[in-house]
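Written out below as structure tokens is the structure these notes cover.
The values are calculated or read from the model by the stated rules, or taken from the named source; none is laboratory data. Note that the coordinates shown come from a computational prediction; the quantities given were computed from them, not determined experimentally. With ideal geometry, Cβ positions are generated from the backbone for all residues, glycine too; neighbour counts draw on all protein chains shown.
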Ligand code: SF4
């Protein structure tokens with residue numbers, strides 16, 4: 001599996017998923033629009049993808065393992081009919097195995113006829129919900145929480161999909177940005193804390209929903225607004241209507257979207273991802289000045305932070321690492337040994353730029369530490385005199401249970417070693433992290449509060465399914 005963005009800073013954390021939906025007032029080739037939307041969301045998941053189209057009271061879908069252009073060659077895209085509504089999904093498995101059976105959208109024939117659902121996020125009470133459904137004689141085809149959501153929505157729908165969504169979503173704990181489609185409705189839901197992003201767009205008389213604004217831009221739409229925490233947006237022949245789940249007192253959008261997951265050209269809850277990353281570099285320069293000759297960033301997400309650092313410090317920005325554009329990310333492959341071996345295939349030191357130099361290298365995060373260690377070694381072998389590593393986020397000390405594949409303390413170097421020990425492990429001359437408050441400062445223009453659980457265990461939800469695992473490591 002490949003990805004064009006070759007950044008490999010997050011040695012252990014994967015993206016989650018991306019969702020897309022389109023409602024057109026005219027029957028047309030909505031599958032193509034979904035295809036381009038998913039293409040723009042490819043960075044959020046590279047394992048599998050799928051598109052479902054509603055037409056003439058039917059739903060037809062196609063899904064497969066691999067990248068969007070691999071799964072949807074001309075023939076498979078053409079096999080999807082013209083229709084009024086389409087939803088799509090790109091997946092990285094955070095629950096359930098990586099297999100075609102677990103690919104989305106989930107399509108089922110239920111009380112509201114053919115229905116399709118695509119989900120980004122992770123429920124924290126899936127186990128309990130699944131056991132209740134099994135006691136009710138439900139049978140499962142997959143191991144993913146999204147199927148639990150689909151069954152509960154169907155259970156409570158009684159022929160009215162909106163009622164099904166509203167009643168089922170009250171039972172869900174955790175993160176969910178959801179698109180649901182029947183033959184005549186497109187419904188988009190953002191969980192009550194707004195953990196995962198979800199945005200509404202328009203293009204003439206078409207409505208679009210997507211995980212990120214970059215997907216709305218990609219299909220020529222205009223971004224209308226972010227879907228609010230707890231909001232259920234229903235789009236049908238009468239236009240767009242909003243309903244609300246019970247609202248939480250505060251919001252908790254995932255702050256890692258700004259650090260790493262989202263595309264830099266996306267705007268989440270009013271805050272530009274690009275600007276937040278640049279600000280991270282500026283704050284590092286302001287609070288943690290270092291005597292160095294050059295500053296550089298690990299491609300791609302930390303490059304803009306390095307430019308921010310350069311602007312404030314006056315230290316010239318110079319490229320220190322060249323990336324190979326044609327291989328995948330370090331941690332696309334689930335096997336850790338394969339990840340570690342692939343680092344030097346993916347990037348190489350630009351020796352002429354760094355020889356004899358005191359270098360600041362900025363990265364977005366450290367999870368396991370293995371990639372950082374290899375990068376520092378690569379820079380030293382390339383001739384750098386000093387290598388100072390600076391990180392655009394705080395120490396990752398806790399797992400994420402809300403849709404990021406980083407679910408155990410054992411895999412986090414920050415949970416098991418001090419900053420000095422991590423610095424020694426990666427072989428840097430110094431190692432600096434942002435604090436949680438400084439990270440929040442980078443995206444202060446966002447309209448929501450943040451989840452910072454992986455830094456300070458301040459999760460918006462009780463961990464239900466994960467309590468045993470948490471205690472095991474305490
Ligand atoms: S725990 Fe971290 S990665 Fe997970 S949702 Fe919260 S901020 Fe995002």
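A compact table of results
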{"read-out": "Residue within segment 441-458 that is away from the ligand (no atom under 12 Å from the Cβ), closer than 24 Å to residue 295 by Cα and in a loop (DSSP other than H, G, I, E, B) present", "value": "no"}
{"read-out": "Residue count for segment 264-306, restricted to those that are at pLDDT 95 or above and within 16 Å of the ligand (Cβ to nearest atom)", "value": "8"}
{"read-out": "Segment 256-284 residues that are more than 15 Å from residue 214 (Cα to Cα), paired with ones that are part of a loop (DSSP other than H, G, I, E, B) and away from the ligand (no atom under 15 Å from the Cβ) (beta carbon under 7 Å, 6 or more apart)", "value": "277/264"}
{"read-out": "Tally, over segment 364-386, of residues that are away from the ligand (no atom under 16 Å from the Cβ) and under 30 Å from the mean Cα position of the chain (by Cα)", "value": "11"}
{"read-out": "Matching residues, segment 246-263, being at pLDDT below 95 and more than 14 Å from the ligand (Cβ to nearest atom)", "value": "246, 247, 248, 249"}
{"read-out": "Residue match in segment 395-416 (condition: in a loop (DSSP other than H, G, I, E, B), in contact with a strand residue (DSSP E or B) (Cβ under 6 Å, 6 or more places away or on another chain) and under 20 Å from residue 300 (Cβ atoms))", "value": "no"}
{"read-out": "Selection count, segment 179-198, where residues are part of a strand (DSSP E or B) and either over 17 Å from residue 108 (Cα atoms) or within 16 Å of the ligand (Cβ to nearest atom) (or both)", "value": "3"}
{"read-out": "Residue in segment 390-411 that is surrounded by 15 or more Cβ atoms within 10 Å (Cβ to Cβ), more than 16 Å from the ligand (Cβ to nearest atom) and either assigned by TED's automatic domain parsing to the domain that holds residue 48 or at pLDDT 95 or above (or both) present", "value": "yes"}
{"read-out": "Count - residues of segment 141-166 that are in contact with a helix residue (DSSP H, G or I) (Cβ under 8 Å, 6 or more places away or on another chain) and assigned to a helix (DSSP H, G or I)", "value": "11"}
{"read-out": "Residue match in segment 348-356 (condition: at pLDDT 95 or above, over 25 Å from the mean Cα position of the chain (by Cα) and crowded, with 20+ Cβ neighbours inside 10 Å)", "value": "yes"}
{"read-out": "Positions within segment 244-263 being buried (at least 18 other Cβ atoms within 10 Å of the Cβ) and assigned to a loop (DSSP other than H, G, I, E, B), in sequence order", "value": "245, 251, 252, 255, 262, 263"}
